[in-house]
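Input: a single structure, listed below in structure tokens.
Each value in this text was obtained by applying a stated rule to the coordinates, not by laboratory testing. These numbers were taken from a predicted model, which means no experiment stands behind them. In this analysis, Cβ positions are derived from the backbone assuming ideal geometry, glycine residues included, and neighbour counts consider all displayed protein chains.
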Amino acid sequence: MPVSRSTTVVAAKECSQCRQEKPLTEFHLRKSKSGKLSRYASCKKCSYARSLKWSESNKDKQRVALLKYKQSEKGKAAEKRAYERRLPKVAELNRLYRLKVLGVSKEEYEARFAAQGGLCAICDKPESRKSKYGKVSALILDHNHETGDPRGLICHGCNAALGFSRECIETLQNMVAYVKKWNK
């Protein structure tokens, strides 16, 4: 007759530093070379305190180790991943900051966007420029460069054309005449 074995699941463990019994979630996981998962002997709070104490007393060693890591292939790859994770957030924050400088809230921008039907106020087309992450860029809030007053939402192409023409009406009219002349 087979003997039934009951396996007990350990839900808590004692920290080797503070000697308090804590749930397993309070201990960092680690993976051995053989691939087996286990928990560190000290809890997260004690590990952090020990790490902080070491960092304070070994600033030179820490600086050298960090520089060495950043120059390694692994460090460069980690920095690139962090940059790529951060970039979309930074781009959105920059966009919101530019709106704030012009005195326009995110809600006002979205109302203008809806009123224009999501199309450029100049060429009457949707934005087609994509970020390096494949996301279509937002329309730009155009503004009067002399007064700072916001105008309509325009695409990147029309914004560049306005910028290169220095918003000179005569230059823009000459551009239209030039295109008409050669597109007969």
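Over segment 87-149, the ratio between the Cα radius of gyration and 2.2 N^0.38 Å evaluates to 1.16.
Gap in Å between the Cα centre of segment 114-144 and the Cα centre of segment 49-98? Comparing the Cα centres of segment 49-98 and segment 114-144, I get a distance of 34 Å. This model, with +1 at the C-beta of Lys and Arg and -1 at the C-beta of Asp and Glu, gives segment 1-110 a dipole about its Cα centre of some 620 debye. Angle of helix 59-71 to the longest C-alpha principal axis of the chain, folded into 0 to 90 degrees and rounded to 10: 60°. Among Glu21, Glu26, the ranking by other beta carbons within 10 Å of each residue's beta carbon, starting with the fewest, stands as Glu21, Glu26. Straight-line reach from Lys33: taking Cα to Cα under 20 Å and skipping same-chain neighbours fewer than 8 places apart, the lysines in range are Lys74.
With +1 on each Lys and Arg Cβ and -1 on each Asp and Glu Cβ, and nothing else charged, work out how big the dipole of the chain is about its Cα centre, in Debye to the nearest 20. Write out the running numbers ahead of the final one.
Details: 40 positive and 19 negative charges, 340 e Å.
Around 1640 debye, computed over the chain.
Cα-based radius of gyration for the chain, normalised by 2.2 N^0.38 Å, reads 1.86. For segment 59-101, a Kirkwood radius taken over Cα pairs fed into Stokes-Einstein (10 °C, viscosity 1.306 mPa s) yields D = 129 µm²/s. In the chain, the DSSP-assigned H stretches of four residues or longer account for a calculated mean residue ellipticity at 222 nm of -16000 deg cm²/dmol, using -39500 (n - 2.57) per stretch and the full residue count as denominator. Taking other Cβ atoms within 10 Å as a rough exposure proxy, Asp60, Asp124 sort from fewest to most as Asp60, Asp124.
Let me know the longest stretch in the chain that avoids all chymotrypsin sites (Phe, Trp or Tyr not before Pro) found in a DSSP loop with at most 16 other C-beta atoms within 10 Å. Free of exposed loop sites, the longest segment is 41-132. Taking a ≥ b ≥ c as the square roots of the eigenvalues of the Cα gyration tensor, segment 118-184 is classed as oblate, since a/c reaches at least 1.5 and a/b does not exceed b/c.
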